[in-house]
Amino acid sequence: MKYIGQFGIIILFSLAGELCHMLLPFPIPASLYGMVLLLLALAVKLLKVEQVKETGSFLVSLLPLLFVRPVIMILGFFEKKGA
């Protein structure tokens, strides 16, 4: 249950980033707005690191899986070029 609450907090900051992206006229991705808002909340002690630590660590551990396909595609591109 603790992980669901932590994931909910992260999702709320992601939603806030989406709202900022819709309201502000800058060409900045919504996910970046969400990360900056989460960083600011942690910096001003509005949110404690312990409130998102376990789920954040889990999500960061999954990041390498997201890069497997792009790396394979890049390697395949260079293989076809003969480089």
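The values are calculated or read from the model by the stated rules, or taken from the named source; none is laboratory data. Small disclaimer: the values here were computed from a predicted structure and weren't measured. Positions of Cβ are generated from backbone atoms using ideal geometry, with glycine treated the same way; all protein chains shown enter the neighbour counts. For the accessible areas, the whole protein counts, side chains as well, though only heavy atoms, and no ligand, DNA or RNA atoms are used. Shrake-Rupley method; radii C 1.70, N 1.55, O 1.52, S 1.80 Å.
Listed values, structure above:
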| read-out | value |
| --- | --- |
| Solvent-accessible surface (1.4 angstrom probe) belonging to ILE9, in square angstrom, nearest 10 | 40 Å² |
| SER57 versus ALA43: modelled label distance in nm, points set 7 Å from Cα along the beta carbon direction | 2.5 nm |
| Shape of the chain, Cα gyration tensor, a/c cut at 1.5 | oblate |
| Cα centre as origin, Lys/Arg/Asp/Glu Cβ charges: the chain dipole, Debye | 120 debye |
| Probe 1.4 Å, protein heavy atoms only - accessible area per residue of the chain in square angstrom | 84 Å² |
| Hits among aspartates and glutamates - C-alpha to C-alpha of LYS2 under 16 Å, sequence gap 8 or more where chains match | GLU50, GLU54 |
| Dipole of the chain [Lys/Arg +1, Asp/Glu -1 at C-beta], most positive-end residue of PRO70, PHE26, ALA43 | PRO70 |
| Qualifying trypsin sites (Lys or Arg not before Pro) in the stretch 11-77, DSSP loop, other Cβ atoms within 10 Å at most 16 | LYS45, LYS48 |
| Solvent-accessible area, 1.4 Å probe, carbon plus sulfur percent, for the chain | 77 percent |
